[in-house]
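To keep things clear, I will list the structure first and then write my remarks on it.
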Amino acid sequence: MKPNTGFGILMFLVIIGTFLACKDKQRTAQEYDVAAFYWPAYHYEPRAEFLFPDKKGEWEIIYNASPKEKGHLQPKIPVWGYLDEANPQDMDTKIEAAVEHGVNTFIFDWYWYEGEPFLEDCINEGFLKANRERMNFYIMWANHDATTYWDVDNPRIDSVIWKGGVDRKQFDIVVDRIIDKYFKNPSYYKINGEPVFCIYELNTLIDGLGGSEQTKEALDDFRRKTIEAGFPGLHLQGILWSELPATISGVPGDKIESQDEVLAFFGFNSLTNYCWAHLQNPAGDYEQWADAATAMWSDFSADFSIPYFPNLTVGWDANPRFLFKADYISNPAPEKFSKYVEQAKHYIDTHPDQPKLITINAWNEWSEGSYLEPDTLHKTGYLEVLKKAFVK
C-alpha cells in the first residue's frame with residue numbers, strides 16, 4: 001500500500017508545532033514569579049514627537065547623554081542597540097532573554113492622557129504580537145501627570161503637559177479597555193485566577209474621581225465588570241510610596257488613620273514598590289542605598305494586612321533627563337545586586353501564605369539608570385544573577 005506522505009508530513013509538522021508551543025509555555029514555569037517593570041518609551045509615539053523629533057522615543061536622550069561631573073558614567077550604551085520595542089522582531093529579543101534568565105513577567109507602565117492611550121504600541125504591536133504565551137504580563141496604570149522632565153531642553157519638572165487624573169467617564173473607558181484588550185489575553189498575570197491591576201498614584205485617582213466615596217464606587221464597579229467578564233475577581237495592587245495616602249476624608253463613620261486602612265477601604269489586595277528611589281534618597285553608594293531600602297521590608301510586612309511583594313532596584317541615575325546634575329547612585333554592579341536578590345527570596349520564603357512574587361525596577365529604565373537589559377559595561381551580568389537565582 002502506497003504511504004500517504006502528505007499526511008505524514010502534516011502530522012510531523014503538527015507534532016513539531018505542538019512541541020515548540022509547549023516548550024515556549026514551559027519557560028514560565030518556575031518557583032518564583034519575577035516581574036520586571038517595563039517603561040514603554042523606546043519606540044515612535046506620534047504624541048511625543050515634539051519631545052523626541054528623531055522618532056526613536058527616549059532613546060534620543062540616552063545616546064545624547066553626557067557626564068555631569070568627573071567619573072559620571074554617561075552615556076549608557078545598550079549591547080542590543082537602540083531597538084524598536086513596537087517591532088515584534090525586536091521585542092522577541094527582549095522576551096527570549098527575559099524568560100531564559102528567569103524574568104517570567106513584565107509589568108508594563110500604562111498611560112492614559114486626554115482621552116487616549118499613550119505609549120501603548122509597545123504592548124499592542126510589539127509584545128502581544130511577539131510573545132506567543134512565553135511570558136506573563138500585567139498593567140501598572142502610571143497615572144501621574146506628564147511633566148516637562150521629558151524635555152531635556154526645559155530643566156523645570158513642575159510644568160504639566162497632560163494631567164494624570166481622570167473623571168468617572170474616562171475611568172469607565174479605561175476599565176473597559178483594560179478588561180477587553182488585556183485581561184482576556186491568556187498571558188495576563190493572575191493571582192488565584194484574578195487579573196492583577198496595579199495603580200501607581202492612588203492620590204491622583206482619588207482627586208480625579210472627586211473623592212474617596214466616588215473612588216470606592218468606581219473600583220467596586222471595576223471589580224464587578226471583571227467578574228462579569230468571567231474572572232473570579234479583580235486583584236488590585238498598590239504602589240507603596242508617598243502618593244499612597246495615610247488618611248482619606250469624606251468617609252462617614254470611618255476613622256482612617258493609616259495606609260493599611262486606606263487600602264482596606266478601597267479593597268486593595270497587595271502592595272509592592274516601584275523603585276527604591278521612592279524609599280531612600282538616590283545618592284551615594286549602591287550598597288548603602290540598597291541596605292537602607294531593604295531594611296524597610298520588615299516594617300511593610302508588619303504594617304499591612306495585605307501581602308507586600310519585595311521590590312529590587314538595579315540602580316538609579318536619571319541625569320539624561322535633566323540639564324542640571326541630579327543625585328544618582330554610584331558603583332552599582334551585578335555582584336552587589338545578587339545579595340539583594342537572595343534577600344528577596346528569603347523574604348518570600350518566610351512569608352509562605354502569600355504568592356511568590358518579586359518585582360524589579362526595571363527591565364529597561366535606561367533614562368533612570370535602572371535596567372536589566374545588557375549594556376556595554378556589565379553585559380548580561382544582571383540577567384545572569386537572576387538566572388542563577390531563579391532558573392532550575
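Structure notes:
- Residue selected from the stretch 26-80 under the condition without any contact (Cβ under 8 Å) to a residue 24 or more places away in the chain and of a type in the set (S, T, N, Q), by the criterion farthest from residue 122 (Cα to Cα): 66
- Scanning the stretch 130-144 for residues that are farther than 18 Å from residue 358 by Cα, hydrophobic (A, V, I, L, M, F, W, C) and part of a loop (DSSP other than H, G, I, E, B) gives a single hit, 142.
- Answer residue from the stretch 313-363, given it is part of a strand (DSSP E or B) and not hydroxyl-bearing (Ser, Thr, Tyr) and is nearest to residue 389 (Cα to Cα) among those: 358
- Scanning the stretch 364-384 for residues that are among the hydrophobic types (A, V, I, L, M, F, W, C) and either in contact with an Asp or Glu (Cβ under 6 Å, 6 or more places away or on another chain) or surrounded by fewer than 24 Cβ atoms within 10 Å (Cβ to Cβ) (or both) gives 377, 383.
- Of all residues in the stretch 298-312, those that are more than 17 Å from residue 269 (Cβ to Cβ) have Cβ atoms under 6 Å from Cβ atoms of residues that are buried (at least 16 other Cβ atoms within 10 Å of the Cβ), 6 or more apart or on another chain, in 312/340; 312/344; 312/360.
- Residue list for the stretch 308-356, filter: crowded, with 16+ Cβ neighbours inside 10 Å and touching a Lys or Arg at 6+ places or on another chain (Cβ under 7 Å): 319, 348
- Test: residue 123 is in contact with a Ser or Thr (Cβ under 9 Å, 6 or more places away or on another chain), of a type outside the set (Ser, Thr, Tyr) and either closer than 27 Å to residue 321 by Cα or part of a loop (DSSP other than H, G, I, E, B) (or both): no
- Number of the condition not met by residue 125 [criteria: (1) in contact with an Asp or Glu (Cβ under 7 Å, 6 or more places away or on another chain); (2) surrounded by 15 or more Cβ atoms within 10 Å (Cβ to Cβ); (3) of a type in the set (D, E, K, R)]: (1)
- Screening the stretch 161-240 for helices (runs of 4 or more DSSP H) wholly inside it with 3 or more residues that are farther than 26 Å from residue 121 by Cβ and of a type in the set (S, T, N, Q) returns the ranges 212-228.
- When residue 65 is tested against (1) of a type in the set (A, V, I, L, M, F, W, C); (2) modelled with pLDDT of 85 or more; (3) assigned to a loop (DSSP other than H, G, I, E, B); (4) under 30 Å from residue 392 (Cα atoms), only condition (4) is not met.
The values are calculated or read from the model by the stated rules, or taken from the named source; none is laboratory data. Because the structure is predicted, anything quoted here is derived from the model rather than measured. Neighbour counts run over all protein chains shown; Cβ positions are idealised from the backbone, glycine included.
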